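Take a look at this one; I'll ask things after.
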Amino acid sequence: MKLTIERTVYHAMLKAARRAAPLEACGLCGGKDGRVTQFYELTNADASAEHFGMKPEEQFAAIKDMRAKGIRMLAIWHSHPASPARMSEEDLRLAYTPGVIYLILSLLKPGKPDLRGFVLNGGNPDEISIVVGQ
Amino acid sequence: MRLFINGEAAEAPDGTAVTELLKLRRVSQPDMVTVELNGEILERKTFDTKVLKEGDRVEFLYFMGGGSR
């Protein structure tokens, strides 16, 4: 499985993560046919360096905007400002949404951001291929 | 009756409450779902008693959160 992320979207994610650090940032990714074309930065209601929670009103607004644009939610994104790009125990426990990709952008190495994607398979994370392209 | 669920037209029996609708939609963890009815987010405590009407627009999504630990 592969997810392509348009370069502008990737840079928007990176900008959001760096701006929010040391707190976690979060957002939703919309697109179609395995290609993310739209990034929605959402408020981290937890305002925490170790947790994130999205505001439902912002989630609904993003989903409706995707619908209006003819795309759908492909991925749920958040940053790990000071830990690796892997699904933590809490990420796994709170991964309720079926059929989406979970994207994590790690800033652990500031000069080398690490974006990884996972799908859940029986509650376990399977890493997928992420391609940043035009 | 006809509803619009997550933007799509769908049928549900007359008198369906939000909790029943979530069951009909096979929502496995309704406690982790937020429901919006005609643009207003519902309080969870009303899910059992809020009966839907013809033409209602219902949106629902799961809580989205996590952490780095």
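The values are calculated or read from the model by the stated rules, or taken from the named source; none is laboratory data. What you see is a predicted model; the values in this text were computed from it and never measured. Positions of Cβ are generated from backbone atoms using ideal geometry, with glycine treated the same way; all protein chains shown enter the neighbour counts.
Filter the range A:65-86 down to residues that are within 8 Å of chain B (Cβ to nearest Cβ) and touching a residue at least 12 places away in the same chain (Cβ under 8 Å), then give me how many there are.
Of all residues in the range A:65-86, those within 8 Å of chain B (Cβ to nearest Cβ) come to A:67, A:76, A:78, A:80-83.
Now drop any that are not touching a residue at least 12 places away in the same chain (Cβ under 8 Å), which leaves A:76, A:78, A:80-83.
Of the residues in that region, 6 qualify.
Can you tell me which residue in the range B:38-69 is farthest from the other protein chains (Cβ to nearest Cβ), limited to those that are over 25 Å from A:D46 (Cα atoms) and in a strand (DSSP E or B)?
B:V51
Does the range A:43-79 hold any residues that are farther than 13 Å from A:G117 by Cα and assigned to a strand (DSSP E or B), and which are they?
Matches in the range A:43-79: A:N44, A:H51, A:F52, A:G53, A:M54, A:R72, A:M73.
Please specify each residue of the range B:26-37 satisfying the condition of being in contact with a strand residue (DSSP E or B) (Cβ under 7 Å, 6 or more places away or on another chain) and either modelled with pLDDT under 95 or assigned to a helix (DSSP H, G or I) (or both).
Scanning the range B:26-37 gives B:V27, B:M32.
Could you list, in sequence order, all residues of the range B:18-47 that are of a type in the set (A, V, I, L, M) and in contact (Cβ under 8 Å) with a residue 24 or more places away in the chain?
Quick first cut of the range B:18-47, residues of a type in the set (A, V, I, L, M) only: B:18, B:21-22, B:24, B:27, B:32-33, B:35, B:37, B:41-42.
Of everything in the range B:18-47, those that are of a type in the set (A, V, I, L, M) and in contact (Cβ under 8 Å) with a residue 24 or more places away in the chain turn out to be B:V18, B:L21, B:L22, B:V27, B:M32, B:V33, B:V35, B:L42.
Are there any pairs, at least 6 apart or on different chains, whose C-beta atoms fall under 8 Å, with the first in the range B:1-17 and within 14 Å of B:R57 (Cβ to Cβ) and the second among the aromatic types (F, W, Y) and surrounded by 14 or more Cβ atoms within 10 Å (Cβ to Cβ), and if so, which?
These pairs meet every condition: B:I5/B:F60; B:N6/B:F60; B:A10/B:F4.
Look through A:G31, A:G111 and report the one residue that is surrounded by fewer than 20 Cβ atoms within 10 Å (Cβ to Cβ) and not in a helix (DSSP H, G or I).
Testing whether each residue is surrounded by fewer than 20 Cβ atoms within 10 Å (Cβ to Cβ) and not in a helix (DSSP H, G or I) leaves just A:G111.
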